[in-house]
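First comes the structure, then the notes that go with it.
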């Protein structure tokens, strides 16, 4: 894998915070061409998600995605923002183009839970010092 994907300096550039979150991802099409590739996200936020892909995806490509974010799965159209080589193929970052309100709320809950867990872990580490 390439580096720390939840790097604070990178997060400050984002409009929407992301959380480290491993979820099933189905890329059904790239620029309208069928793909049907099952992958895993490594981060998710209201603005988009990050995932590893065995093949390179062109920046600007449109993706048809199905994301399994328990307890539901939802479809979303996304655009590739970056695609860079990694140990396992390519690390891809994409932005969501048509995320509905229910999906926004679901993702917000995931991000909030991640932040609570991180804060709790940090407090636990401080208490042990």
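The order of 33, 56, going from fewest to most other C-beta atoms within 10 Å of their C-beta, is 33, 56. Take the Cα of residue 70, step 7 Å toward its Cβ, do the same at residue 28, and the gap between the two points is 2.4 nm. Ordered by the number of other Cβ atoms lying within 10 Å of each residue's own Cβ, fewest first, 101, 111, 44, 92 fall into the sequence 101, 111, 44, 92. In this simple spin-label model, placing a label point 7 Å from the Cα along the Cα-to-Cβ direction at both residue 105 and residue 58 gives a separation of 3.9 nm. Over all directions, the projected convex hull of the C-alpha atoms in the stretch 31-82 averages 3.8 nm² in area. Computed on the stretch 8-128, with alpha-carbon pairs under 8 angstrom and 6+ residues apart, the relative contact order is 22 percent. Note on the stretch 8-128: Kirkwood hydrodynamic radius from all Cα pairs is 15.0 Å, rounded to one decimal.
Every read-out reported here was derived from the displayed coordinates using simple, explicitly stated rules and does not represent laboratory data. Everything quoted here is computed from the prediction, not taken from an experiment. Cβ atoms come from the backbone with ideal geometry, glycine included; neighbour counts cover every protein chain shown.
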